[in-house]
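> This is the structure, below, for whatever I ask next.
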Amino acid sequence: MANDEVHSGRRRFLTATTAVVGAVGVGFAAVPFITSWKPSARAEVAGAPVDVDIAKLENEPGMRMIVQWRGKPVWIFKRTPEQLKALATLDGNLRDPKSDNPDQTPAFAKNEARAIKPDIAVIVGICTHLGCVPGYVPEMLPQPFDSKWQGGFYCPCHQSRFDLAGRVYQGVPAPSNLEVPPYHFVNDTHLVIGVAPKGAA
Ligand code: FES
């Protein structure tokens, strides 16, 4: 009788243990299922267009906003009339001044400022050499790396230089201009990154 009690006690213990293992097993079994659909959900969010309020660019001249789109930093900043004027003087120093390479410049941005609105720049902040993030040096002042600097981006990894339209200088390791992502304006203070203007390539 005492044995029976011991056995039934052990059985209860075993049953309880099995139940716990079973529950854990279900837990483990459920994880791969959840992880198996997580990446696509994540990818959907990561690839989704990003709505950006750029009103603050008006109030803080020289300010640069950085938003993430598809895992890449996208820079949005406002260029001054002087900076825009300087862009026109740089063609002779640049590798692809007219943005003829369509890999970095969608047709809607194939102009000097590489933009829909000349003063508002929207550029992917990844160096086209080996993927470092170039520094923002907007001041039109001599720099240690360029005595005639007209504002732009300087990549500290291997010294590539880009102007304020993201166009690459000649004689640097980066082979091409910085990428302009697809984007469009919803109104004067809102733009959407990830979707080109209606009817644009
Ligand atoms: S990664 Fe920018 S110059 Fe090499």
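> Enumerate the amide H contacts of residue 190 below 5 Å, restricted to partners 5 or more residues apart or on another chain; note that Pro and chain-start residues carry no placed amide H.
It is 54, by chain and number.
> Once amide H atoms are built 1.01 Å from N in the peptide plane, which residues 5 or more positions from residue 153, or in another chain, come under 5 Å H to H?
Close amide H contacts, sequence-distant or interchain: 137, 162, 163.
> Using the 10 angstrom Cβ neighbour count as an exposure proxy, how do 160, 176 rank, fewest first?
176, 160
> Something else: Suppose the chain between residue 110 and residue 68 were pulled fully straight at 0.36 nm per residue; how much longer would it get relative to their current alpha carbon spacing?
Between residue 110 and residue 68, full extension yields 12.8 nm more.
> With 28 Å as the cut-off, how large is the P(r) tail for segment 50-193, expressed as percent of Cα-Cα pairs?
In whole percent, the long-distance tail amounts to 10.
Every number in this text was worked out from the coordinates using simple rules, so none of it is lab data. In this text the structure is predicted, and so the values were computed from the model without any measurement. Neighbour counts are summed over all protein chains in view; Cβ atoms, including those assigned to glycine, are modelled from backbone coordinates with ideal geometry.
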